[in-house]
Amino acid sequence: MPDIISNHLRTLIFAAVTALIPVSLAAELSIARGSASTASSSQGSAPEWVYALRPGDSIASVVQTLLSENASRQRLLEHNGLASNTELSVGDTLRIPVNWLKRQPEPARVISVTGHVQHISGIDGRKLPLAKDSVVRVGDEILSGAGSATVGLADGSELRISPNSRLMFNRLTQYGKSGMVDTRLRLQRGEVHTRVQPIIEGGARFEIETPSAVAAVRGTVFTLRASATGSRVQVTEGVVDFGKPGMTRRIPAGYGASVSTVDSGSLEIRQLPPAPTITPLPPVLNRLPAELTWQANGFPTYRLDIFDQRSGTWVQSREVTDTHFDIAQLDNGSYEIHLAALDRQGIAGMPEIAELEVDLQARSPDLTAPADGESVNDDMPEFLWQLNGTNEVARVEISEDESFRRLVTTSEWAPENRALPSRPLSPGQYYWRVVTEAGGSSVATSSPRKLIVNGTLPPVRIISVNYLDNQVRVFWESVEQAVDYRLQLSEEPGFRNIIKEADISDTTAALRLIPGRRYFVRVKALSEGPLASRWGPGRELYLD
């Protein structure tokens, strides 16, 4: 019985709220649409703006900074019923018709971009990648595929454009230095999260049109979605006038509304699901992943969005069918988590907002192999280490010097504990270390180790042999990396019985032989480094 009474009471409250909406609309719709007067005018019902004089202001300065060329000082005085010699003080007010104010186009500016988003020029239709700090002008469009973008308007309002959306900028007008703007957008499809600065009454306007509805705003936080089947709005702060053009209703915070293209465009208003209660997280997360949990509030599905607090970048967006979510793969920084239940129509309810700071610290890894000073025969040796932090990526750095000023090559960044160099290593001595990174900004480095990569010098080929009396002179080719050459003389071709061996710094040698005997000679190059030597082919010697 109490549940029945409670449900009946909620129904009556909701009916009372929706019944009041048309009354409120009649009183304030003209303001939301930029056509209301803030003070009565003897010259008709044209919209006016009331300006309070600030320190340093005068009638002349107001005319110069705020009014267009067709509005003179005399017209302003006459409009306000003031004599030509009237002196005004700080705090005195002037009624200014909105159509007298200076108007100038004021482009929007891109605050952040994630993924691939296109910017379509309203002048020539060219499509270019949207980038941070891009300027968006009247007539331009933003087309998001798998990406998203945050756009800032002249009055400080922000638009977060979700993936798979198309937003057109039909009007971006600023009324001089009055602070008033006239912003009109068209959401052809997709979703936009909007935080609109409070509208200055008397002519300011902010509207987003969809193929099936219009949302006129006075200063609010809301989400608007457009699709082939209709449009829907979710209001979390302030109020939004929403519905088919000329048939809008005032939607207050805590309510959502939808216009369908299927059933003659009827407007349906419903109360949004309440915000779920998030279990408090530590103020700073030093380890990831971390589990976010919340209390079920009677709805099976929740929408979770993570935004970068500094840039407004839309970092993650998920639909979750449970009451927990693993937060992972976030760089160091400050974030806002928005969690809302989805009703049966898929409209997100009131969001619970939690702030989160990630501060991951990279830790130096422990090197495993190769050992310090070890020699390897492979020109692509495998490096192994042990990570000591969490959520880290690492790479190997290989240098010719211990200070790592002459970097030779690296491996790719990866959350692994082993890697190969990105290219083969020439024979020689190197130093290697492992660098770890966590959170995109914290870096740690291991101590370096020495590594020797073995190699082989090319075999030495004997070029020619000259005979003179009892002496034979042997000539061989030069090897670039050799510091000396080793010569062997044998009486048999297998060089199992060496009768003479000598190290020679030149590429020629003279041998004294016994006539009538057969000899065999061979040469190999020598180096001071880790290069192994190979004997060249033997050459037969015979002296008559």
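The values are calculated or read from the model by the stated rules, or taken from the named source; none is laboratory data. Keep in mind that this is a model prediction, so the values were computed, not measured. A quick note on method: Cβ atoms are made from the backbone with ideal geometry, for glycine too, and the neighbour counts reach across all protein chains shown. Ligands, DNA and RNA are excluded from the accessible area calculation, which covers all protein heavy atoms including side chains. Shrake-Rupley method; radii C 1.70, N 1.55, O 1.52, S 1.80 Å.
Order 497-508, 370-381 from most to least packed using the mean count of other Cβ atoms within 10 Å.
The packing order, highest mean first, is 370-381, 497-508.
Quick check: residue separation of S89 and E355 times 0.36 nm, minus the Cα distance between them. What number comes out in nm?
91.2 nm
Between L128 and D331, what's the calculated FRET efficiency when r is the beta-carbon distance and R0 is 22 Å? Round to 0.05.
0.25
HN-Hα J couplings of the range 462-479 from phi, Karplus 6.51/-1.76/1.60, θ = phi - 60°, integer Hz, Gly and Pro as x?
Here the 3J(HN,Hα) series is 6, 8, 7, 9, 10, 10, 8, 6, 8, 10, 10, 10, 9, 10, 9, 6, 7, 10 Hz.
Stretch K244-R512 to full length: gain in nm at 0.36 nm per residue minus the Cα-Cα span?
Between K244 and R512, full extension yields an extra 85.3 nm.
Need one value: the accessible area of K244 in square angstrom, 1.4 angstrom probe, rounded to the nearest 10.
Its heavy atoms expose roughly 80 Å² to the probe.
Can you give me the orientation-averaged projected area of the convex hull built on the Cα atoms of the range 327-484, in nm²?
If I average the Cα hull's projected area over directions, I get 15.7 nm².
Tally up the carbon and sulfur contribution to the accessible surface of the range 226-332 as a whole percent, 1.4 Å probe, everything protein left in place.
50
Leaving out same-chain residues fewer than 8 places away, which aspartates and glutamates sit with a Cα under 19 Å from that of K244?
E28, E191, E207, E209, D263, E268
Given the options S364, A341, A52, identify the residue whose Cα lies farthest towards the positive end of the charge dipole of the chain (+1 on Cβ of Lys, Arg; -1 on Cβ of Asp, Glu).
Toward the positive end, the furthest listed residue is A52.
Roughly how many Å² is the accessible area per residue of the chain, as a whole number, for a 1.4 Å probe?
Accessible surface, normalised per residue, equals 50 Å².
What nm distance separates the two modelled labels at R344 and V393, each placed 7 Å from Cα along Cα→Cβ?
Label-label distance for R344 and V393, simple model: 4.6 nm.
If the range 130-181 were replaced by its equivalent ellipsoid, with semi-axes equal to the square roots of 5 times the Cα gyration tensor eigenvalues, what would those be, largest first, whole Å?
23, 11, 9
Give the peptides 93-99, 400-406 in descending order of average Cβ contacts within 10 Å, highest first.
93-99, 400-406
Taking amide H atoms as placed 1.01 Å from N in the peptide plane, list the residues 5 or more away in sequence, or in a different chain, whose amide H sits under 5 Å from that of G122.
It is D140, E141, by chain and number.
Viscosity 0.890 mPa s, temperature 25 °C: give me the Stokes-Einstein translational D for the range 99-145 in µm²/s, with Rh taken as the Kirkwood radius over C-alpha pairs.
210
So how far apart, in nm, are the two label points at A371 and Q309 if each is 7 Å from Cα heading toward Cβ?
About 5.1 nm separates the two model spin labels.
Using every alpha carbon pair in the range 202-277, what percent of pairs falls into each 10 Å bin from 0 up to the bin containing the largest distance?
Using 10 Å bins, I get a P(r) of 21, 54, 22, 3 for the range 202-277.
N470 to R54: extension gain in nm, 0.36 nm per residue of separation minus the Cα-Cα distance?
Length difference between fully extended and current span is 138.1 nm.
What distance in nm separates the simple spin-label points at E268 and I499, each placed 7 Å from Cα in the Cβ direction?
Here the answer is 10.9 nm between the modelled labels.
Give the residues of the range 329-364 whose amide nitrogen is closer than 16 Å to a point set 7 Å from the Cα of A414 in the direction of its Cβ.
Under 16 Å, as judged by backbone N against the label point of A414, lies no residue of the range 329-364.
Quick one: what are the phi-derived ³J(HN,Hα) couplings along the range 110-115, Karplus 6.51/-1.76/1.60 with θ = phi - 60°, whole Hz, x for glycine and proline?
Values per residue, Gly and Pro as x: 7, 8, 7, 9, 10, x Hz.
May I ask you to derive the FRET efficiency for Q74 and Q104 from their Cβ-Cβ distance with R0 = 22 Å, giving the value to the nearest 0.05?
The computed FRET efficiency comes out at 0.35.
Quick one: pull the percent of accessible area on the range 475-544 belonging to carbon and sulfur, 1.4 Å probe, ligands and nucleic acids left out.
41
I'd like the carbon and sulfur percentage of the solvent accessible area for the range 377-457, probe radius 1.4 Å, heavy atoms only, ligands and nucleic acids excluded.
41
Could you sort R270, R310 by accessible area so the largest value comes first, with the probe set to 1.4 Å?
R310, R270
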